[in-house]
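Accompanying notes for the structure given below.
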Amino acid sequence: MCTQRVLLGQMLIDREPPIDLFADLPSDAVAKKTASLKDRLAFLLDTRFHPSPPEPLRLTVEQVAAMLHCRCRTVLWMIRQGQLHPTEENGEIYFDRSEIERVRHVPISSVISWLLPPTHS
């Protein structure tokens with residue numbers, strides 16, 4: 001089963017730096033479970049918990065490239081190869097978040113590794 005890491009929000013304790021709270025949830029029920037967890041944490045932690053805004057379900061080419069740690073041209077190449085299946089609305093290309101989460105864990109071919117941004121050591 002594919003899981004997705006979701007930022008639930010931040011917990012604040014006295015004057016300490018905020019603590020980001022994440023959860024790994026099944027991709028098929030992420031929206032429902034995220035809302036439920038945020039409500040429960042808000043109830044339990046009261047003013048010490050600040051929920052994060054909801055993540056968009058549709059992603060742009062730039063957002064997908066950032067999630068996959070590649071360049072926009074790699075995302076466009078993946079569309080041409082049939083690895084990604086975007087929808088078009090008003091001339092803009094959008095991707096379903098659940099599809100990107102599935103693709104995110106598949107290694108990118110070494111054939112296209114030259115398209116990846118350089119890593120800084």
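Brief remarks follow.
- Using the Cα coordinates of the stretch 12-66, the gyration tensor eigenvalues translate into equivalent-ellipsoid semi-axes of 25, 16, 9 Å, sorted from longest to shortest.
- Across the stretch 3-51, the mean sequence separation of Cα contacts (distance under 8 Å, 6 or more residues apart), normalised by length, yields a relative contact order of 43 percent.
- Residues of the stretch 1-24 with amide N under 19 Å of a point placed 7 Å along Cα→Cβ from T47: 10-19
- Whole-Å distance, taken between Cα centres, linking the stretch 45-94 and the stretch 1-37: 18
- Here the Karplus curve 6.51 cos²θ - 1.76 cosθ + 1.60, taken at θ = phi - 60°, turns the phi angles of the stretch 35-43 into couplings of 4, 5, 5, 4, 4, 5, 5, 4, 5 Hz, with x standing for Gly and Pro.
Since every read-out is calculated from the coordinates, none of them should be taken as a lab result. Quantities reported herein were computed from a predicted structural model and do not represent experimental measurements. Backbone-built Cβ (ideal geometry, glycine too); neighbour counts: all protein chains shown.
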